[in-house]
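Heads up: the structure comes next, in structure tokens.
The values are calculated or read from the model by the stated rules, or taken from the named source; none is laboratory data. What you see is a predicted model; the values in this text were computed from it and never measured. Cβ placement follows ideal geometry from the backbone for every residue including glycine, while neighbour counts extend to all protein chains displayed.
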2 protein chains.
Amino acid sequence: NQTVAADPPELDPQLRQQAETLIAAALESELAYNLVESLTTEVGPRLAGSAAEARARDWATAKLTDLGFSHVRVEPFEIEGWERHAESAAITAPFPQALTVTALGNSVPTPAEGLTGTVARFDSLDALLASDDAPEALAGRIVFVDETMTRTQDGSGYGNAVRKRYQAATAGQARGAIAALIRSVGTSHHRFAHTGSMGYGDVGHSIPTAALAAPDADQLTRALQRGDVSVRLKLHTEILGPMPSGNVIAEIPGRTHPEEIVLLGAHLDSWDLAPGAIDDGAGVAIVTAAARLLLEHDLQPRRTVRIVLFGAEEVGLRGGRAYAAAHAATLPQHVAAAESDFGADIIWRLDTNLPPERTYWGEHLYTLLKPLGVGRGTNETTGGPDIGPLVPGGATPFALRQNGWDYFDYHHTPNDTLDKIDPVKLRQNVAAYVAFAWLMANID
Amino acid sequence: NQTVAADPPELDPQLRQQAETLIAAALESELAYNLVESLTTEVGPRLAGSAAEARARDWATAKLTDLGFSHVRVEPFEIEGWERHAESAAITAPFPQALTVTALGNSVPTPAEGLTGTVARFDSLDALLASDDAPEALAGRIVFVDETMTRTQDGSGYGNAVRKRYQAATAGQARGAIAALIRSVGTSHHRFAHTGSMGYGDVGHSIPTAALAAPDADQLTRALQRGDVSVRLKLHTEILGPMPSGNVIAEIPGRTHPEEIVLLGAHLDSWDLAPGAIDDGAGVAIVTAAARLLLEHDLQPRRTVRIVLFGAEEVGLRGGRAYAAAHAATLPQHVAAAESDFGADIIWRLDTNLPPERTYWGEHLYTLLKPLGVGRGTNETTGGPDIGPLVPGGATPFALRQNGWDYFDYHHTPNDTLDKIDPVKLRQNVAAYVAFAWLMANID
Ligand SMILES: [Zn+2]
Ligand SMILES: [Zn+2]
Ligand SMILES: [Zn+2]
Ligand SMILES: [Zn+2]
């Protein structure tokens, strides 16, 4: 790496003017909203590995072709399938009543008739991990990790919450528990349970695991304040064999440097509980609409602009990993890669991870985005879930960061529906992405 | 009725001071919140006629006794029972996906395997009623009344919405439809279906009827914009025989006019989908806590203050009707009757229905309530759901009207949970009710 040039190149005025024209057009465009409306209505929920995810690939292939992109194709891969059939929970004693619950992705089923145990509550995952770890410490109990999640703009509360989601089962199992319940990873007080992946780590498949809606976690806690509480949990889930998934890819070929790639990513799969409007129909729509604006304005970039709609993100970033493996040789030529996977609220910050000789790319990009309300972030981003796996191989990540204040109110719940998207905010995202795409695809 | 007295009596200063002391105490009291916390936790959902409603009567009897009220008793009556066992709906073609649905109370079941039909959508109940009413006009179809409800402070949007809820089935059946769907009677865009009673009128039990969550009504409408849509509906409901319900009654006996009654009402039952915090655990808590303040302050009223916790309100105001029948002879001595059944937001308006010779009761009451933010309403109230049946027999209704702006976001959904209650707002209600009770029980 070289040191920073004393006088980084000025931004080519024509490039800047083109970007500003594209931004103005994006702020008037209804395409992104129409795309997410179409995907969520005509496909709806699209669980990784399912027939619905396959329909989503067909939908994307047809849309990208109709919109005029080149080299539209599916890069298939396989995943281990998992399905939810039915789920329920109830306090059986002393205050019989139903609880709103959802199985975590990858959870084994309970016996068909369900299982019943008294509840052992912990304030946090750390409290559970610090508790007596004798193999019989929680024998026959249902462990309940009632840890709350912090609401933040930048989503920084999610990491700790996900730790709870992944590890409650293994920590419970090590102590003899028969099932694990967690307070949903989410920030809303509405009565929705939030699903999401969990894992069994080295112990293999072990105890069934589910999330309670926040009001139900509160209710269970209140019941426990009065004494012992028995809960019955019934999860009918199914671990399937290998199932098909795939990434859908489309391009605007580069005019002078087609081998250099500007990647715009989002994920096509969703959880099964909802049509996945904000996670991640919005991202699919934003990056597709942004790239489409180049075609509409007959602007052929110097580098190739590549849309990648990843499959099977929700179940372990499988699309990102498959892409990284399939494109390992060309990752260093991915000069800019960004993904939209944090809802549909406005972009408020730009993070980069540019080498010293290219930090001026970030300067020029920031200048373009500032009028959209985008502030300057760090030069330390590692990308998002699906871009992350590309970075060790040499792709250069960017993060156009969305306001996540409300995101975890809806995330992974049945409530992630189209009405949660504000069309005006969606356009701000398209504007930022088209500016990003056009600048990165042309800058010297 | 006499004409208005030219010089209505001044409010007795001692009475006024006592009322102000009670108001101040109410604004500091945690009793109402503790009561609704207890009811919603320890009983939870309490459907009319169910074992849970019986537990709610036991809960109320024990609480009212513990709190020191006199003549605590249950006045039993019977209702025709109804239960919900399971419910689901899905678009089967062309865009297969689940829909969030709930059976309306009183709905007959579908066949066990469900029923499937193409959807005939109407913008409103009136549009359906105005449509071709030949018995085969909608043969084999599922009628869908997609009428929205208006959000208002005073709840005036509810009447029209309930009309849709009650009549969609009979109007559909008359035209040969095999089932009826309505857009939920509610104002939220969250993905909850709102239950509530419907009726079959003169036609007797006919077609199964359910409500879609608002996002699902939107989704179905978008699908219909693309062509024919088939929906499968599965409702496992059960019409039961006679089931026990009852009103729970408690008193503070009047010192000088025990035969004159100031009635404070609320309903003890809830729908089965939620613990019924705002409908109507809040009301139970408000009127109980208000009356309890008199005992705490050793204030014995001149007239009898009677708490009535009605049973089976949700399934046809059965508790109010049973009370009216059982107490027909003494209804004219119910000099003031008010019920709290509109959530837990603040009281913003006082409506009365006083004869000319007693309009000054309303003036004095209004003077006391004004500092709580309560404005002056009409002298034309007919009371609420459970007080209404008492009025033709001679009871004098009052309405301490709560802000209902958000009420129908939660009403009759699984989301009616304790966290939806603001303890500070609850206290304002207790303050208004205790001032009402004390003044009405003592004024000359
Ligand atoms: Zn996502
Ligand atoms: Zn996700
Ligand atoms: Zn009610
Ligand atoms: Zn109600």
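Taking every residue in region A:275-291 that is within 14 Å of another protein chain (Cβ to nearest Cβ) and pairing it with any residue that is within 13 Å of ligand 2 (Cβ to nearest atom) and among the aromatic types (Phe, Trp, Tyr), at least 6 positions away or on another chain, the pairs with Cβ-Cβ distances below 7 Å are A:Ile278/A:Tyr407; A:Ile278/A:Tyr410. Is it the case that B:Tyr360 is assigned by TED's automatic domain parsing to the domain that holds B:Ile421, at pLDDT 95 or above and within 25 Å of B:Ala32 (Cβ to Cβ)? Answer is no for this residue. Residue selection: B:Asp345 satisfies the criterion of being more than 21 Å from B:Ala312 (Cα to Cα), under 15 Å from the mean Cα position of the chain (by Cα), of a type outside the set (Gly, Ala, Ser) and within 15 Å of ligand 3 (Cβ to nearest atom). Give the residues of region B:402-428 that are among the hydroxyl-bearing types (Ser, Thr, Tyr) and either within 14 Å of ligand 4 (Cβ to nearest atom) or more than 23 Å from A:Leu220 (Cβ to Cβ) (or both), sorted by residue number. Those that are among the hydroxyl-bearing types (Ser, Thr, Tyr) and either within 14 Å of ligand 4 (Cβ to nearest atom) or more than 23 Å from A:Leu220 (Cβ to Cβ) (or both): B:Tyr407, B:Tyr410, B:Thr413.
Kindly establish whether A:Pro355 is in contact (Cβ under 8 Å) with a residue 12 or more places away in the chain, more than 19 Å from A:Ile278 (Cα to Cα) and away from ligand 4 (no atom under 16 Å from the Cβ).
Values: in contact (Cβ under 8 Å) with a residue 12 or more places away in the chain: yes; more than 19 Å from A:Ile278 (Cα to Cα): yes; away from ligand 4 (no atom under 16 Å from the Cβ): yes.
Considered against the rule, which asks whether it is in contact (Cβ under 8 Å) with a residue 12 or more places away in the chain, more than 19 Å from A:Ile278 (Cα to Cα) and away from ligand 4 (no atom under 16 Å from the Cβ), A:Pro355 comes out as yes.
Sub-6 Å Cβ pairs linking a first residue in region A:68-82 that is in the same structural domain as A:Arg57 (by TED's automatic domain parsing) to a second residue that is surrounded by fewer than 16 Cβ atoms within 10 Å (Cβ to Cβ) and not in a strand (DSSP E or B), at least 6 apart or interchain, are A:Gly68/A:Leu295; A:Ser70/A:Pro253; A:Val72/A:Thr65; A:Glu75/A:Ala326, ordered by first then second residue. Residues that are surrounded by 23 or more Cβ atoms within 10 Å (Cβ to Cβ) and either among the aliphatic types (A, V, I, L, M) or in a helix (DSSP H, G or I) (or both) within region B:294-314 comprise B:Val305, B:Ile307, B:Val308, B:Leu309, B:Ala312, listed in sequence order. When the residues of region A:128-170 are narrowed to those that are touching a strand residue (DSSP E or B) at 6+ places or on another chain (Cβ under 8 Å) and small (Gly, Ala, Ser), which ends up surrounded by the fewest Cβ atoms within 10 Å (Cβ to Cβ)? Checked region A:128-170; the qualifying residue surrounded by the fewest Cβ atoms within 10 Å (Cβ to Cβ) is A:Gly140.
Cβ-Cβ contacts under 8 Å between residues 6 or more apart (or on different chains), taken from a first residue in region B:37-56 that is facing another protein chain (nearest Cβ under 8 Å) to a second residue that is among the basic types (Lys, Arg), are listed as B:Glu37/A:Arg222; B:Thr41/A:Arg222; B:Thr41/A:Arg226; B:Glu42/A:Arg226; B:Val43/B:Arg55; B:Ala52/B:Arg46. The residues of region A:85-120 that are in contact with an Asp or Glu (Cβ under 8 Å, 6 or more places away or on another chain) and within 30 Å of A:Ile307 (Cβ to Cβ) amount to a single one, A:Gly105.
Considered as a group, the residues in region B:134-171 that are closer than 28 Å to B:Thr92 by Cβ and among the acidic types (Asp, Glu) include one that is farthest from the chain's Cα centre (by Cα), and that residue is B:Glu136.
Taking the condition within 12 Å of ligand 3 (Cβ to nearest atom) and not in a strand (DSSP E or B), does B:Gly320 pass? Quick ask: steps written out before the conclusion?
Numbers: within 12 Å of ligand 3 (Cβ to nearest atom): yes; not in a strand (DSSP E or B): yes.
Yes: the conditions hold for B:Gly320.
Here is the figure for region A:76-103: residues that are in contact with a helix residue (DSSP H, G or I) (Cβ under 6 Å, 6 or more places away or on another chain) and more than 14 Å from chain B (Cβ to nearest Cβ) total 2. Restricted to region B:365-390, and to residues there that are small (Gly, Ala, Ser) and surrounded by fewer than 22 Cβ atoms within 10 Å (Cβ to Cβ), the residue that is nearest to the chain's Cα centre (by Cα) is B:Gly388.
If you go through region A:296-319 and keep only what is in contact (Cβ under 8 Å) with a residue 60 or more places away in the chain and touching a Leu at 6+ places or on another chain (Cβ under 7 Å), you end up with A:His297, A:Pro301, A:Val305, A:Ile307, A:Val308, A:Leu309, A:Phe310, A:Gly311.
Going by the conditions given, is A:Leu224 under 23 Å from B:Glu37 (Cα atoms) and outside any loop (DSSP other than H, G, I, E, B)?
Numbers: under 23 Å from B:Glu37 (Cα atoms): yes; outside any loop (DSSP other than H, G, I, E, B): yes.
For A:Leu224, the condition - under 23 Å from B:Glu37 (Cα atoms) and outside any loop (DSSP other than H, G, I, E, B) - is met.
If you go through region A:401-418 and keep only what is away from every other protein chain (no Cβ under 14 Å) and within 15 Å of ligand 1 (Cβ to nearest atom), you end up with A:Arg401, A:Gln402, A:Gly404, A:Tyr407, A:Phe408.
Of the residues B:Glu238, B:Glu260, the single one that is more than 14 Å from chain A (Cβ to nearest Cβ), part of a strand (DSSP E or B) and surrounded by 19 or more Cβ atoms within 10 Å (Cβ to Cβ) is B:Glu260. Pairs linking a residue in region B:188-201 that is on the phi > 0 side of the Ramachandran plot and more than 14 Å from chain A (Cβ to nearest Cβ) to a residue that is polar (S, T, N, Q) and outside any loop (DSSP other than H, G, I, E, B), with Cβ atoms under 6 Å and 6 or more positions apart or on different chains, are B:Gly201/B:Thr170.
Of all the listed residues (A:Pro253, A:Pro215), the sole one being assigned by TED's automatic domain parsing to the domain that holds A:Arg401 and modelled with pLDDT of 95 or more is A:Pro253.
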